[in-house]
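Student: Before I ask anything, here is the structure I am working with.
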Amino acid sequence: MSKKTNFFWASYADLMTSLFFIMLVLFVLTIAMMKRQQKTTVEQLKRIVEIQNSVKELDSRYFYYQDEYKRFSLKEQIQFAAKSSVIPVNNEAYLLEVGKNIESLIKRLKTKYSNQNIKYMIIIEGMASNFVYSKNDELSYLRALSLYKLWQKNNIYFDPAFCELQIAGSGVRGVGRHTGNKEYKNQQFLIQIIPKIGKIEN
């Protein structure tokens, strides 16, 4: 075998050895990066669950959480008169405490997650009973609006830079409604607090 042939195979072997070590290094780096990414993903998921659960810190004296519907309901039944959006006077003090409790929670969350891209949405959802009335949609909205105005009148404030407040009416639609001889209990409203999660930093 000539010297040129020997030189070629020696160079080829060196090249293959170098490529092997390059591939080995790349493989190790890829595994390391994947493990790091997996750890980051798990930590972010835990953070998201923590943020979602944080709204459950509402005072149990005023709220209970309906897990099957992922929403809060008021412990005290707010019963509107038929075709009326006027909050009964005897419920006003309770509803003011409800508003103050939500306001306090939002302020705590704003401080707790001040370095995160997180905002909250509060939805006041008015409802109506399924009796014959052509303006149930408008009526349910006005019931939600009446609560907002009560809070506004008593200086219960939600920072719009951190918390979006929406007033909605579901009419005679929606889940978890009362039926049968309890249909009248749908003359009420629900409150939902939803985290709006942006980029999560570890």
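The values are calculated or read from the model by the stated rules, or taken from the named source; none is laboratory data. Predicted, not measured: the structure shown is a model, and the values here were computed from it. All Cβ positions, glycine included, derive from the backbone under ideal geometry; neighbour counts span all protein chains shown. Accessible surface is based on the protein model in full, side chains and every heavy atom, while ligands, DNA and RNA are left aside. Shrake-Rupley method; radii C 1.70, N 1.55, O 1.52, S 1.80 Å.
Student: Could you work out the relative contact order of region 125-177, using alpha carbon pairs under 8 angstrom and six or more residues apart, expressed as a whole percent?
Tutor: Details: 65 pairs, mean separation 27.6, N = 53.
Dividing the mean separation by the residue count of region 125-177 yields 52 percent.
Student: If amide H atoms are built 1.01 Å from N in the plane of the peptide, which residues on other chains or at least 5 residues away come under 5 Å of the amide H of Met121?
Tutor: Result for Met121 returns Glu164, Ile194, Lys196.
Student: Under 16 Å from a label point 7 Å along Cα→Cβ of His178: give me every residue in region 67-83 with its amide N that close.
Tutor: 73-83
Student: Pull out the extension gain between Ser134 and Val25, defined as 0.36 nm times the separation in residues minus the alpha carbon to alpha carbon distance; nm, one decimal. Don't jump to the answer; show the numbers that get you there.
Tutor: Numbers: separation 109, 0.36 × 109 = 39.24 nm, distance 7.25 nm.
In short, 32.0 nm is gained.
Student: Given a 1.4 angstrom probe, I'd like the percentage of the accessible area of region 97-202 that is carbon and sulfur, rounded to a whole number. If you can, show how the numbers build up before the last one.
Tutor: Values: 2860 of 5600 Å².
For region 97-202, the apolar C and S fraction of the accessible surface comes to 51 percent.
Student: Of the beta bridges DSSP finds with both residues in region 110-202, what % are antiparallel, to the nearest 5?
Tutor: Values: 9 of 16 bridges.
Close to 55 percent.
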